[in-house]
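Trainee: One structure, pasted below without further comment.
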Amino acid sequence: MKTFRDGLELSRETAAQSSPKISLSNLGNVIFELEGMEARVRHAEQGYSGFSPAIRIEEDELDRLYEYDFAMIQGLENASGDLTALQGAVDANDRAAFDGAVRKLRADLKMFDDAFKQRIAVISGAAVS
């Protein structure tokens, strides 16, 4: 995620230097949201102990966790493509394409974040079935 954020910050810096028609506030908000996601992932519970685990995951729950894992990966893969589109919009100084890429980027990162939160809820037993 750090490498991805670095790419966003590079796009923002490039746009600030060479694309006066592009508004950077929405991209700044996305970067801020991404930093929050990074912190949640970095500070999430980690590890597994086979000896008397405090949290037991049954097979049906495990299947749900795999679905959330897939959604998280899909969100990040989509966001990676969005970063390419974003940089293309910056290079072309195309405000409409830039704004569209930022909206898509935000939606794909939300897909990741929502799946991550749902996954944590299942693990902690707080999920609603």
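The values are calculated or read from the model by the stated rules, or taken from the named source; none is laboratory data. Owing to the predicted nature of the structure, the values given are computational and were not obtained by experimental measurement. Cβ sites come from the backbone with ideal geometry, for glycine too, and all protein chains shown count toward neighbours.
Trainee: Does at least one position in the range 5-15 carry a residue that is modelled with pLDDT under 80 and surrounded by 10 or more Cβ atoms within 10 Å (Cβ to Cβ)?
Mentor: No, the range 5-15 has no match at all.
Trainee: What are the residues in the range 16-32 that are surrounded by 12 or more Cβ atoms within 10 Å (Cβ to Cβ), among the polar types (S, T, N, Q) and either more than 19 Å from ALA79 (Cβ to Cβ) or out of contact with any helix residue (DSSP H, G or I) (no Cβ under 7 Å at 6 or more places or on another chain) (or both), if any?
Mentor: Passing the criteria: SER19, SER23, ASN29.
Trainee: Six or more apart or on different chains, Cβ atoms under 7 Å: show the pairs whose first residue is in the range 59-75 and at pLDDT 90 or above and whose second is of a type in the set (S, T, N, Q) and in a helix (DSSP H, G or I).
Mentor: Close Cβ pairs (under 7 Å, with a partner that is of a type in the set (S, T, N, Q) and in a helix (DSSP H, G or I)) amount to TYR68/GLN118.
Trainee: Only one of VAL102, VAL41, VAL122 is surrounded by 13 or more Cβ atoms within 10 Å (Cβ to Cβ), at pLDDT below 90 and under 16 Å from ARG5 (Cα atoms). Can you tell me which?
Mentor: VAL41
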